[in-house]
Amino acid sequence: MSTSPHLNQRQQDLLDWVLREGFVSVEALASRFGVTHQTIRRDINQLADLRLIRRYHGGAGMPSSVENAAYAARQVLFHEGKQRIGTLVAQHIPDNASLLINLGTTTEEVAKALGHHRGLSVITNNLNVAAAMCGNTECEVIIAGGVVRARDRGVTGEATIDFIRQFKVDFGIIGISGIEADGTLRDFDYREVRVAEAIIAQSRRVYLVADHSKFGRHALVRLGHIAQVSALFTDQPIPEGMAAVFREAGTEVHVA
């Protein structure tokens, strides 16, 4: 597998369709995109190798609820939408604010978009966020202690949680792996979830950043509920069936 995968437009659309429907047959996909079954099977194999979908006999379905996509794949997946989300979040962060930022490719885009802010104090357990922001001499970047994961440069563990609990910040910016129809927030790694729980508890306002593929996506570990989130920033309108859940929770929705 390439460390820097690039999906063509058909593969992006195929992935969107599978995530939306849960399962789609090879025959339906070939008909939809006007290509051969062999071409669709190659697409499915590539997306399955990146852990974005699962191969099944005769088609493709939702990925496993116990394993997230490879980090290199997530870096390029819906990248333009994540950039728009990052830019929009940055517009809602004033100068001289304090922030906690956790793991995720979308939170990393937020960090990049904050590059011209002044007077920020940023606490993070994401070394990619720290690297993106440390070049701004107008900002202070504080890295949480803990164990560094090689696959995504995330810092997790009890030491990370204890460190975060020392702070109370204006904004907590968190990513997520899945938002269920009832507003339940889910992720794949319980260690990440415990850090995210600490960030929520230590933030006056919580901003959740999630591209459209996270709606209805299944993941193993419960993080919390959308009612704990002040505002969601996403790249497409939320599914119609979930709108009432967000209204009842009092969570603002901002579409980039």
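The values are calculated or read from the model by the stated rules, or taken from the named source; none is laboratory data. Note that the coordinates shown come from a computational prediction; the quantities given were computed from them, not determined experimentally. Heads up, the Cβs are rebuilt from the backbone with ideal geometry, glycines too, and the neighbour counts pull from every protein chain shown.
Brief remarks follow.
- Exactly one residue among Phe167, Phe171 is outside any helix (DSSP H, G or I), surrounded by fewer than 19 Cβ atoms within 10 Å (Cβ to Cβ) and among the aromatic types (Phe, Trp, Tyr), and that residue is Phe167.
- Test for Glu180: is it of a type outside the set (S, T, N, Q), surrounded by 15 or more Cβ atoms within 10 Å (Cβ to Cβ) and either within 18 Å of the chain's Cα centre (by Cα) or at pLDDT 95 or above (or both): yes
- Looking at the range 197-256, the strands (runs of 3 or more DSSP E) lying wholly inside it that each contain 2 or more residues that are surrounded by fewer than 19 Cβ atoms within 10 Å (Cβ to Cβ) and within 18 Å of the chain's Cα centre (by Cα) sit at 221-225, 252-255.
- Any hit, the range 152-172, residues being in contact (Cβ under 8 Å) with a residue 60 or more places away in the chain, within 18 Å of Val206 (Cβ to Cβ) and aliphatic (A, V, I, L, M): yes
- Listed by position, the helices (runs of 4 or more DSSP H) inside the range 4-75 whose residues that are at pLDDT below 85 and among the basic types (Lys, Arg) number at least 1 are 9-21.
- Subset of the range 93-102 that is in contact (Cβ under 8 Å) with a residue 40 or more places away in the chain and more than 20 Å from the chain's Cα centre (by Cα) - its residue that is surrounded by the fewest Cβ atoms within 10 Å (Cβ to Cβ): Ala97
- Close pairs (7 angstrom Cβ cut-off, 6 or more residues apart or separate chains): of a type in the set (Val, Ile, Thr) in the range 5-25, assigned to a helix (DSSP H, G or I) anywhere: Val24/Trp17; Val24/Val18
- Every pair of residues 6+ apart whose Cβ atoms lie under 9 Å, when the first sits in the range 111-138 and is assigned by TED's automatic domain parsing to the domain that holds Gln83 and within 13 Å of Phe171 (Cβ to Cβ) while the second is surrounded by fewer than 19 Cβ atoms within 10 Å (Cβ to Cβ) and aromatic (Phe, Trp, Tyr): Ser121/Phe167; Ile123/Phe167
Here's the yes/no breakdown for (1) buried (at least 18 other Cβ atoms within 10 Å of the Cβ); (2) more than 13 Å from the chain's Cα centre (by Cα):
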| residue | (1), (2) |
| --- | --- |
| Val89 | yes, yes |
| Gly104 | yes, no |
| Thr107 | yes, no |
| Gly135 | no, yes |
| Val141 | yes, yes |
| Gly145 | no, yes |
| Gly154 | yes, yes |
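- Among the conditions (1) at pLDDT below 90; (2) small (Gly, Ala, Ser); (3) over 30 Å from Phe33 (Cα atoms), the only one that Ala131 does not satisfy is (1).
- Residues in the range 156-177 that are in contact with a Gly (Cβ under 7 Å, 6 or more places away or on another chain) and among the hydroxyl-bearing types (Ser, Thr, Tyr) were compared, and the one that is modelled with the lowest pLDDT is Thr156.
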